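Q: The structure follows.
Values quoted throughout were computed directly from the atomic coordinates according to the rules given, and no laboratory measurement underlies them. On a predicted model such as this, the values are computed, not experimentally measured, just so you know. For neighbour counting, all protein chains shown are included, and Cβ atoms are generated from backbone atoms with ideal geometry for every residue, glycine included.
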Amino acid sequence: MIGKKASYVEEAEAMDYVVGYCLHNDYSEREFQLERGGQWVKGKSADTFAPLGPFMATADEIADPQDLRLWLKLNGTMLQDSNTSDMIFSVRQIVSYLSQFMTLLPGDVISTGTPAGVGLGLKPPTYLKAGDVVELGIDGLGTQIQTAVAYQQ
């Protein structure tokens, strides 16, 4: 999470703009993404998607954001078990890079990606259905539990 206005930030100073970290479940509605064409963002922007929390840990509470275990279970089965050390780009690089194209403002949240194990990549692909329970966590950032419900128009 960004704590102060950041524009054209050098990598060496990028962490000075990070106020803290929080857990974010990056849900995707694959039908919106795959069957309707266009940008991926529409499949991540539905109501109730992208839950954050249960709290924000301040930057000084996280010794090394590039060394945090993260995991996700679906109905009790571990699907993702990784570490932020596996990120392609570091938090420092991401903040600096994004600030070259847009001004980051206090309260902005940057989602840094998802480790291997997403349902679309499984063989066969696995999609959430009503009643499925998703549990996830990151060291120092708490855990979340969500139960999938059927879409209501």
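Q: Under a GNM of the chain (C-alpha, springs under 10 Å), which listed residue has the highest mean-square fluctuation: L72, L104, L122?
A: Answer for the Gaussian network model of the chain: L122.
Q: Another question, then. Arrange K4, K73 by Cβ neighbour counts within 10 Å, fewest through most, would you?
A: K4, K73
Q: Something else now. Suppose only helical runs count, i.e. DSSP H with n ≥ 4. What mean residue ellipticity at 222 nm does that imply for the chain under -39500 (n - 2.57) per run, divided by all residues and rounded to the nearest 500 deg cm²/dmol?
A: Mean residue ellipticity, 222 nm, calculated: -1500 deg cm²/dmol.
Q: Taking other Cβ within 10 Å of each residue's Cβ, how do I88, I138 sort, fewest first?
A: I88, I138
Q: Relative contact order of segment 11-147, please, whole-number percent, based on alpha carbon pairs below 8 angstrom and at least 6 residues apart.
A: 30 percent
Q: Further question: Given a 10 angstrom Cα cut-off, can you work out which residue in E61, E35, E11 is the most mobile in a GNM of the chain?
A: In this elastic network of the chain, the residue with the biggest mean-square fluctuation among E61, E35, E11 is E35.
Q: Based on the alpha-carbon set only, what is the convex hull volume of segment 11-147 divided per residue, in Å³?
A: 129 Å³
Q: Among A57, A130, A116, whose mean-square fluctuation peaks in a Gaussian network model of the chain (Cα, cutoff 10 Å)?
A: Per the Cα network of the chain with a 10 Å cutoff, A130 tops the list.
Q: Only bridges with both residues in the chain count here: give the DSSP antiparallel percent, nearest 5.
A: Of the beta bridges lying entirely in the chain, close to 100 percent run antiparallel.
Q: So how much slack lies between V149 and E11, counting 0.36 nm per residue of separation and subtracting their Cα-Cα distance, in nm?
A: 45.5 nm
Q: Could you list which residues have their amide H under 5 Å from that of D132, counting only those 5 or more apart in sequence or on another chain, with H placed in the peptide plane?
A: Amide H to amide H, under 5 Å and 5 or more residues apart or across chains, D132 pairs with A148.
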